[in-house]
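Take a look at the structure set out below.
The values are calculated or read from the model by the stated rules, or taken from the named source; none is laboratory data. Model, not experiment: these values are computed from the prediction. Note: ideal-geometry Cβ built from the backbone for every residue, glycine included; neighbour counts use all protein chains shown.
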Number of protein chains: 2
Amino acid sequence: MKLANRMQSFTSFIVMDILERAIALEEAGHNVVHMEVGEPDFELPAPVGAAMVDALMRGETHYTHSLGTMALREAISRNYLRIYGVEVDPQRICVTTGTSAAFVMLFGALLNPGDRLAMTDPGYPCYANDALLVGASTVRVNPPLPDGSRTPYCLTTEVLEENDLTGVDLFLVSSPSNPTGMLTDEAVYRWLLERDIPVISDEIYGRLVYEDATPRTALSISDDIIVVDGFSKAFAMTGCRLGWIVAPPELVGPLNRIAQNLYLSPPSVAQWGAIAALEQCDDHLEEMRSAYSKRRERLMVGLEELGLKVAGRPRGAFYLFADVSRYDSDSLHFCRRMLDEAHVAATPGVDFGKNGTQSFVRFAYTRDLGQLEEGLARLRRWLPTL
Amino acid sequence: MKLANRMQSFTSFIVMDILERAIALEEAGHNVVHMEVGEPDFELPAPVGAAMVDALMRGETHYTHSLGTMALREAISRNYLRIYGVEVDPQRICVTTGTSAAFVMLFGALLNPGDRLAMTDPGYPCYANDALLVGASTVRVNPPLPDGSRTPYCLTTEVLEENDLTGVDLFLVSSPSNPTGMLTDEAVYRWLLERDIPVISDEIYGRLVYEDATPRTALSISDDIIVVDGFSKAFAMTGCRLGWIVAPPELVGPLNRIAQNLYLSPPSVAQWGAIAALEQCDDHLEEMRSAYSKRRERLMVGLEELGLKVAGRPRGAFYLFADVSRYDSDSLHFCRRMLDEAHVAATPGVDFGKNGTQSFVRFAYTRDLGQLEEGLARLRRWLPTL
């Protein structure tokens, strides 16, 4: 069977290979500490589950509007006002089947074959593959490495000035960033808008910020920015497959046509859970955020004590991007050995790009403190053997 | 905001416009008989709802494998053996976020920009738009019109011989067909395979067959055929967004890479409902099928009494494709007037292609007999006024 040419460039997640290898080890009777997966370990907040059971009982199991129920779109709008103080017309909100669908819909509506999507390196690998589907290519913008005087892996206007953005058709900013946890300043968005470069702001980790950080949305800068967000990370609703786009009004019609053809409707029952998430789960979110914050502190200190220096001071998401070059110059090789020999799973930096990623490993703190302590203890025994 | 060029060709469903117009009429206090929507009016079968509540209680709310849980893939495999007597390795089964995702994944894996996807005219309009996303074009194959001696709108090897299939890269057969309800003979699949044209068989309506028809799958012809199927139509699970692909083994890896990037995972809770659908809902399915069968008979007789001749003798799905040219030579104009003046909603044939579709309207029998009687009564009063 002849495959389409794009499949030659369409990469697999290395993290999935790591996960499969980890599962094979577990099936062979070993215990593995999982720091590879970008999925909350928390259960669905109880009000979300209750709302979904209610929706099932009420028979809310049919197709909804392709852009989601008006009830959910209005709830998302109210949430923007309550959390960020920003007014968003519910008509501009498109509910999607996870943020995954949001990117496919946006690239389908905005990118011609041969067009160029800009994103940071390192960055979330799906963006590039989604762009590949519609024939667009990816331009990687390289923030500074940790060896200089500037904040490592942080996207700034200085970085934008340094990179050649000629012919870029769309710029994707993720803040907080996966895999580095860095935030992006308002100045970056303004710089892009001033140059008429359309901007998508991926805010899927936006509620998971620590220390001084207050939740922010790029919608407070300009309504011309396209915002993507979702329920998976903040509310531990990964399997529900629900996200949303806030789009300029003229883009809603085209996005709806794509939704009608590619998705028909977002999952219906989950949409009722999502309203409960936004309106009844402030305490649950705060508990999870607080737990992530404690884990982050512990893991950051623990890794650095072992000589695995964390790049910069990550302020959001649930990842630490740590330098392993003291032990191995090849992070993929390092991760494979760490899994096989120490039974600790993490994701090699090369999964996220080429900008210094050979030296880095992404550790996710999506397991509880006990698991993280055990992982650190294993590394403490294993690293000296290298 | 500059849109991608493909959006100029990316059509909206006219049925969605009809539906929105119908809803506006209802909001203005009118009662509308809905025969436009291709969605079962039945509620979720009780065992499916119960299994989904159980899954929620058990916390089955996380990402699953990108190709679905092995439990569901094995249940689908057992179902092929039990219903069709066909052995299918669960490893060849890819669970998808509705059949919508199945087509995007398959076109992404198989079609290069400029490639040609063949499908019948009339046919399901999303196919063409999904192909457009990856830069492929659509070749329409025209089965005979009802004015000749042959079975109208039926895809046969004779039709294949008549059409120029040079340069066709992929052929999509839907049986039973939307909008005509026609079945496709095995000879058609064999003809295509003999000429090395890859075949996708869309079997989403495969369990909804009437009269002499026994459920069939193209997998009983050859494992080289790619089969797409789903839970929405047979089990009234539209809002659950679950379908599947049965693919040749060498295609599973590429489909998994696309699933990892474009979907991450199918909805998790619904996957447990789907197992219950396959294993505990034979009676529910038979009740629904029997109800559709009665509705079909009634509506077919009723429409023909009014001079709206049904094309051929449809044997599956839940649609009748009826000729309205006695009253209007423009089915879109006819449908708009029928909705505004008689408050009966149906879908103009032009939503499905250009092959004689100007004269045809698709009536869905997805409302109960009482509603269908009311619709026919309204037409009986309204048609003489034309």
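Quick rundown of the values:
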item: The one condition in (1) buried (at least 19 other Cβ atoms within 10 Å of the Cβ); (2) over 30 Å from B:A51 (Cα atoms); (3) at pLDDT 95 or above that B:A311 fails to fulfil; result: (3)
item: Odd one out for B:Y84, checked against (1) under 30 Å from B:S290 (Cβ atoms); (2) at the interface with chain A (Cβ under 8 Å from one of its Cβ atoms); (3) aromatic (F, W, Y); result: (2)
item: Residue satisfying all of: in segment B:19-62; in contact with a Cys (Cβ under 9 Å, 6 or more places away or on another chain) and facing another protein chain (nearest Cβ under 9 Å); farthest from B:G273 (Cα to Cα) among these; result: B:T61
item: Near pairs, Cβ below 9 angstrom, 6+ apart or cross-chain, from segment A:236-263 (on the phi > 0 side of the Ramachandran plot) to any residue that is among the polar types (S, T, N, Q) and in a helix (DSSP H, G or I); result: A:R241/A:S100; A:R241/B:S268
item: Residue satisfying condition, being surrounded by 18 or more Cβ atoms within 10 Å (Cβ to Cβ) and in the same structural domain as A:Y84 (by TED's automatic domain parsing), within set A:A317, A:A345, A:A322, A:A274; result: A:A274
item: Evaluation of A:M16 against (1) in contact with a Ser or Thr (Cβ under 8 Å, 6 or more places away or on another chain); (2) more than 8 Å from chain B (Cβ to nearest Cβ); (3) free of Cβ contacts under 8 Å to residues at least 24 places away in the same chain (one fails), failing number; result: (2)
item: Condition met for A:L285 (part of a helix (DSSP H, G or I), more than 11 Å from chain B (Cβ to nearest Cβ) and touching a Lys or Arg at 6+ places or on another chain (Cβ under 7 Å)); result: yes
item: A:D229 vs. criteria surrounded by fewer than 22 Cβ atoms within 10 Å (Cβ to Cβ) and among the charged types (D, E, K, R); result: no
item: Test: B:S77 is assigned to a helix (DSSP H, G or I) and in contact with a Gly (Cβ under 9 Å, 6 or more places away or on another chain); result: no
item: Top-ranked residue in segment A:9-28 [being exposed (fewer than 15 other Cβ atoms within 10 Å of the Cβ) and modelled with pLDDT of 85 or more; ranked as nearest to the chain's Cα centre (by Cα)]; result: A:S9
item: Residue among A:I204, A:I245, A:I258, A:I200 that alone is part of a loop (DSSP other than H, G, I, E, B) and within 30 Å of B:Q260 (Cα to Cα); result: A:I204
item: Count - residues of segment A:107-129 that are touching a residue at least 24 places away in the same chain (Cβ under 8 Å) and either more than 10 Å from chain B (Cβ to nearest Cβ) or outside any helix (DSSP H, G or I) (or both); result: 12
item: When residues of segment B:130-144 are limited to those that are farther than 16 Å from B:L160 by Cβ and out of contact with any Phe, Trp or Tyr (no Cβ under 8 Å at 6 or more places or on another chain), the one nearest to the other protein chains (Cβ to nearest Cβ); result: B:G135
